[in-house]
Structure formats: C-alpha cells, structure tokens
1. Identify, by number, the condition in (1) touching a Lys or Arg at 6+ places or on another chain (Cβ under 9 Å); (2) farther than 26 Å from residue 28 by Cα; (3) open to solvent by 70 Å² or more (accessible area, probe 1.4 Å); (4) not aliphatic (A, V, I, L, M) that residue 233 doesn't meet.
2. From the list 59, 21, 6, which one is in contact with an Asp or Glu (Cβ under 8 Å, 6 or more places away or on another chain), open to solvent by less than 80 Å² (accessible area, probe 1.4 Å) and either at pLDDT below 90 or closer than 27 Å to residue 179 by Cβ (or both)?
3. Can you pull out the residues in region 216-228 that are surrounded by 16 or more Cβ atoms within 10 Å (Cβ to Cβ) and either part of a loop (DSSP other than H, G, I, E, B) or touching an Asp or Glu at 6+ places or on another chain (Cβ under 7 Å) (or both)?
4. Go over the candidates 139, 165, 184 one by one and state the one that is surrounded by 12 or more Cβ atoms within 10 Å (Cβ to Cβ), within 17 Å of the chain's Cα centre (by Cα) and more than 23 Å from residue 12 (Cα to Cα).
5. Residues to consider are 73, 84; find the one that is without any contact (Cβ under 8 Å) to a residue 40 or more places away in the chain, in a strand (DSSP E or B) and of a type in the set (A, V, I, L, M, F, W, C).
6. If I ask for residues that are closer than 15 Å to residue 112 by Cα and assigned to a helix (DSSP H, G or I), which ones from region 1-59 would you list?
7. Across region 214-224, which residue is farthest from residue 196 (Cα to Cα) among those that are out of contact with any Lys or Arg (no Cβ under 9 Å at 6 or more places or on another chain) and modelled with pLDDT of 90 or more?
8. Of all residues in region 187-204, count the ones that are hydrophobic (A, V, I, L, M, F, W, C), open to solvent by less than 50 Å² (accessible area, probe 1.4 Å) and closer than 15 Å to residue 240 by Cβ.
Amino acid sequence: MLNIAIVDDEAAILKGMTKLIGEMNANYHVEAAYNNGQEAINAINAMHPGKIDLLITDIKMPFMDGLELIQEIKIHHPDLSCLIISGFSDFDYARTAMRYGVIDYLLKPVDPDELDEKLSAVLQAKQPPIKAAAVNGDEKKAIRVVKSWITDHYHLDLDMVAIAELVHLNPNYLSRLFKLETGESLTGYLIDVRMLKAKQLLMEQTELKVYEVAEQIGYQDSTYFTKLFKKMNGYTPLEYRNKC
C-alpha cells in the first residue's frame, strides 16, 4: 500500500487529485489532504515516521510554498518521497526543488497516465519486479479480457478493484502486469480509448456540446476533459472539430 499526502491550495484540484488517485489503483491510498503547507507540516510531523510514503505538493501556494514545505518536512521525515506539481512558468523552480530530494515533478494539467507512472514507480520500489518470463498464457489472456472490457465500458466510472476481480488478480499485480505486457498503464489505455471515442463523437455527432461528449466517454468534469484532450491531441475539442 502506498500512503499519500496531497497539498494544494486550490480546493478543486485537491478534490480531483484525491479522487483520481483513489480510482487508479487499490494500492494507492490518500491518507490526508491539506490546503496549505503549514497545515501539512503540523499534521505530518505529528505522525509516526513511515505513516506517509509520498508527499505530493503544488509549488506555488500562499503562506508557504512547496519548496519551503519540503525543506521543513525533510527535517523530521528525511526518507519521505516528494513529488511536486508545477505550472510551465515554474519549470526552473521545479528543477531547483530536485536538489532537495524531490523524486520528480508533474506539469499542470496533470496527466493521469504520468501520475500513475510516478506512483507506480514509488510503489514498485518497495516490491520485487515481475520478470517477463513469468507472464504465462493465463495472464496474457487476462490482459486481453481487461482490454476488451475497458473498450466496451469506457463510459463508466471504472473501478480498478472491480476490473481486477473480473480476471481474479490482485489489483496492484494486474496493474504491473498490464504495463509489462502492453507497454502502457491501465489508466493510459483507458484514456486512449476515451480519446478515440471523443474524436468520433466530435466529428460524427456535431450537435453534441463538449460537456455532452465528456459525459458520454466517462468524464463528468468538462473542463478537465478539455485540458486532457488538448494535452493528448494538441487541440481543444472544439478546435479539433473545426479543424477536421
């Protein structure tokens, strides 16, 4: 289990990240979420060392920025892994933070696939790797079943635990196995399927508004869908519709 603390002064991002991480993998657990650095320091320093495995923090926040937070946290929790979230304009600042023991950074808007990869790397560091030779025929069949199921049910609010139960595998093991066999994460595959369907809807059902397209492919937040679509395709949904 990877126990995570998130710090961000924007309530919507804090809520969205907590939900996103909770749905990615049954072995990712958001232990706590804080809306400012000082609150995070007070709470985490009161915890037993090792209770939190990973701290995810925004860089720019009022009262105390992410870099100051990490410096303070490292005094009492030197082994705590830290991941920072940065806007493009904060890139140099993000690189500076790497000198303070930050394992990596993510650019806004956060790409779920990238986030999953970072979390998976931290989690897998605590576990023995799966060797390619260990992937047997039954497991390859399980991957095919999962891919087919996602392709048919992409529009649902997918639960990785339920998907794993479908093929009788541990959720974390399935996640690692899927990445080994396909070269991409479960989350990444789901996003690819949804983006492909979004493009079809944008072109074939031009009467649909962007939020309706988002809802039909499984995203209730149209703003998040628009940002993700642009990140994956280089255009906003409307720009893509008009261009094509």
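1. Of everything listed in (1) touching a Lys or Arg at 6+ places or on another chain (Cβ under 9 Å); (2) farther than 26 Å from residue 28 by Cα; (3) open to solvent by 70 Å² or more (accessible area, probe 1.4 Å); (4) not aliphatic (A, V, I, L, M), residue 233 misses just condition (3).
2. The match here is 59.
3. Once the filter is applied, which keeps residues that are surrounded by 16 or more Cβ atoms within 10 Å (Cβ to Cβ) and either part of a loop (DSSP other than H, G, I, E, B) or touching an Asp or Glu at 6+ places or on another chain (Cβ under 7 Å) (or both), region 216-228 yields 217, 218, 219.
4. 184
5. Of the residues listed, the single one that is without any contact (Cβ under 8 Å) to a residue 40 or more places away in the chain, in a strand (DSSP E or B) and of a type in the set (A, V, I, L, M, F, W, C) is 84.
6. Across region 1-59, the qualifying residues are 13, 14, 15, 16, 17, 18, 19, 20, 21, 22, 23, 24.
7. The selected residue is 215.
8. The number of residues fulfilling the criteria is 4.
The values are calculated or read from the model by the stated rules, or taken from the named source; none is laboratory data. From a predicted model like this one, the values you see are computed outputs, not experimental measurements. We place every Cβ from the backbone using ideal geometry, glycine too, and count neighbours over all the protein chains shown. All accessible areas refer to the heavy atoms of the entire protein, side chains included, with ligands and DNA or RNA removed. Shrake-Rupley method; radii C 1.70, N 1.55, O 1.52, S 1.80 Å.
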